[in-house]
1. If you average over every viewing direction, what projected area does the convex hull of the Cα atoms of the range 131-177 give, in nm²?
2. Considering the dipole of the range 1-124 built from charges on the beta carbon (Lys and Arg +1, Asp and Glu -1) around the Cα centre, which of Val65, Phe11, Pro110 is farthest to its positive end?
3. In square angstrom, what is the accessible area per residue of the chain with a 1.4 angstrom probe?
4. Can you find, among Leu452, Asn440, Trp414, the residue sitting farthest towards the positive end of the charge dipole of the range 370-500, where Lys and Arg contribute +1 and Asp and Glu -1 at Cβ?
5. Near Lys178, which lysines are there with a Cα under 21 Å away, not counting those fewer than 8 places off in the same chain?
6. Counting only protein heavy atoms, what percent of the accessible surface of the range 144-215 is carbon or sulfur at a 1.4 Å probe?
7. Report, largest value first, the span of the C-alpha coordinates of the range 12-60 along each principal axis, in whole Å.
8. Which peptide among 73-79, 168-174, 309-315, 403-409 comes first, and what is the full order, when sorted by highest mean count of other Cβ atoms within 10 Å?
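The values are calculated or read from the model by the stated rules, or taken from the named source; none is laboratory data. On a predicted model such as this, the values are computed, not experimentally measured, just so you know. Cβ: placed from backbone, ideal geometry, glycine included. Neighbour counts: every protein chain shown. Just so you know, the surface numbers come from the protein's heavy atoms only, side chains and all, with ligands and any DNA or RNA stripped out. Shrake-Rupley method; radii C 1.70, N 1.55, O 1.52, S 1.80 Å.
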Amino acid sequence: MGLKASLSIPFAKFVKLKNDKWAKTPVKTQEKVFKSLIKKATKTQFGKDHDFKSIDSYEAFKSKVPIREYEGLKPYVEKIVAGEADILWPGKPTYLSKTSGTTSGAKYIPLTKESIPYHIQAARDSILHYIAETNKTHFVDGKMIFLQGSPVLDNSGKIPLGRLSGIVAHHVPDYLQKNRMPSLKTNSIEDWEEKVVAICKETLPENMSLISGIPPWVQMYFEKLIELSGKQNISEIFPDFSLFIYGGVNYEPYRNGMEKLIGKCIDSIELYPASEGFIAFQDSQKEDGMLLLLNSGIFYEFIKADEFFDENPTRISIKNVELNVNYVIILNTNAGLWGYNIGDTIKFVNLNPHRIIVTGRIKHYTSAFGEHVIAEEAEKAIKYASLKTEIHFTEFHLAPQVNPEEGELPYHEWFIELKSGSNQINQFSKLLDEKMVELNPYYKDLINGQILQNLKVRCVKPGGFKDYMKSQGKLGGQNKLPRLANDRKIADKLNLISED
C-alpha cells in the first residue's frame, strides 16, 4: 500500500463523520443554508426585485419567488453575460457553464467562487465515503481517468465560458494530478470520436484503476480499447481496474453489457452532478440511493410530480418530504439560481439520512394516451427483459406511434440498438410488455381496454444512436440521449435494421 492509500483511510473516516453530523440534522442544516443564501443575495438585483430584505421565513420566500425554468431567469443571465455585477449573486460569476437546453437553445449557468468548491468537494467525498465504508484503497495508487468535456474555455466574452466537466478539470486537487488522465492535450480534442481514440492510445500502457464518466460514452471507450488491444475484455487490459464512477443516466440498463465488457463485477459509485449544483452522491455500497447534499450551498424545494402542472402546486422543503413520492426538485443556490426547476424528478428512498434516486425528467416521459410512463418504469422494464433473455443493448428510446397502419391500434414503439441476443427479440418484446403492464397501471388499463396494442420493438442499426447524436452535434461529453418522448422527432430519424 502506497503512502497516499494508507493516509486516505483516516482522512476518509474523518470526512464521513463530518458529513454525518449535518445529515442527522436535515431541517436545521437546510434552514441555515436558506438564511445564508437570502442574506447574501439581498442587495443583488434579483434580491431587490423580489424584496429579499422582507423575507424572514420559507413561507415568505414562496410568496415572493415563483418557480422558474431557464427562460424565466434568462433576462438576468443576459445581464451577467453582458458583464454586469450583482445580478443574481454578489459580484460576477467565475465562469458560465454552457449546457444544451431542450426548449431554450444553449443555456448559460453561472458558477461562482462560492459554488465551485462544492462541486470539487462532493466528487472527492463520494470516493472518501466509499473508502470509509469498504477500507478499499488500492485504486488510489493507480491511474484514474475522467471522461469529460474539453477543458478549453471560451474567453471571448466578459466571463470565461465552458462545459461543466471541462471547467471542473481546472480545479482538480494537486494530489490527484499525477494520477489523473488523460493529458491536457488529449482532453482538449473537440471531436469525440477522435478524442476516444487518442484517450485509448494514451491509457492502454497505463495501470488504470478508477474510470469515471457517463455510461454510454464509457461503453464506447471500452469497446474501442478492446478493438485496439485485441484483448477479450477490459480486465485483461487493466487488471487493477476496480472502481467505476458514473452519473448523468441510470447505470442499471447498461450494467449487464458493461460488466460483460469489463469481464467481472466491480464496485461503482453514482453521482448526481449538474451545472446548477452538485446535488447528491452514493454514500454507501450497502444502501439504496444517493445522499442528498443538504450542506452544499443549495436550498431544496420539492413539488409532487403529479401536481407540478397545476396552477398552484404545493411547494415543500426537506421538512415535509415523504418516502417513495415522485417529486420535481427545485434549487436555490449560491450561484444565484432561485426557484429554479432543473427539470429532474426524484424519489426519497430513505429519510435518515435523506437518500434519493433520480426517476426521470418532468418533460421527458411518454404519455400520448394518458399513461405517463416515466424513465424509472422504462428502465426497470428493459433491465428485467434484458436479464431474462441475456439480450445486451447499447441504448434505447421510447416513442408513441399514434398513427399506425390502417386497422391497427396505436402502440408504444421501443427503439433498441442491440449488442447481442437478436434471436431472442420476440421473447424480449413479450417480457418488456409484461413488465410495463405490471409497473404502470395506466398502461395496463390501456392495453386491457384495447386502446393500445402491445408494444413493438424496433432494432436500430449498429451505431445508429451515435449517428443520431452526432447529427445533432451532441456526441460525447455530458450529452445524453432522451430515452422517453411524446413525439417522434428522434424516432423518425433513427436508422433501423430491416425486418424482412
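1. The number I arrive at for the range 131-177 is 4.6 nm².
2. Value: Phe11.
3. Spelled out: the 1.4 Å probe surface of the chain, per residue, equals 45 Å².
4. Trp414
5. Within reach: Lys4, Lys136, Lys143, Lys195, Lys201.
6. Working: 1790 of 3260 Å².
So the carbon and sulfur contribution to the accessible surface is 55 percent.
7. 44, 20, 9
8. Those peptides, ordered most packed to least, come out 73-79, 168-174, 309-315, 403-409.
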